């Protein structure tokens, strides 16, 4: 058995020395194909993304949204009074701040958004506040309405 082991090691060393005459030869350069850029050469060893879009899906799942809060009846009454006052004012109406709930397009919930601008009109038919800059805010999404015009009322 000792002889068999020695014999296999001897074959291994003989095989590795078969190529020693090639070690000192110059590197081959192809005439038909251009040399590959280092960036491209490195790219072939980059990790493979088998689950395309998986990272985006994880980030989307981790993104937080808020639930829309239900206003107390007395807060709703004050808000309706402010809307009524705003509708009665002649144009140009004063600048106001509006906090409203904006539903998320991709998942349940949404976020609270604050805008400041002049109200063009309060459209009761479409149930929206139309701003001079073209923005539209659904009346049922309005959580807060504030401005100088309301300070004398409170």
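For residues that are over 15 Å from residue 87 (Cα atoms), touching a residue at least 40 places away in the same chain (Cβ under 8 Å) and surrounded by 14 or more Cβ atoms within 10 Å (Cβ to Cβ), scanning just the stretch 110-141, find the one that is farthest from the chain's Cα centre (by Cα). Ranking the candidates gives 141 first.
The one condition from (1) assigned by TED's automatic domain parsing to the domain that holds residue 138; (2) assigned to a loop (DSSP other than H, G, I, E, B); (3) modelled with pLDDT of 85 or more that residue 90 does not meet is (3).
For the stretch 77-88, enumerate the residues that are under 17 Å from residue 98 (Cβ atoms) and exposed (fewer than 12 other Cβ atoms within 10 Å of the Cβ). Show your work before the answer.
Let us first name the residues in the stretch 77-88 that are under 17 Å from residue 98 (Cβ atoms), namely 78-87.
Listed by number, the list holds a single entry, 84.
The values are calculated or read from the model by the stated rules, or taken from the named source; none is laboratory data. Please read all numbers here as calculations on a predicted model, not as lab measurements. Positions of Cβ are backbone-derived with ideal geometry, glycine not excepted, and every protein chain shown enters the neighbour counts.
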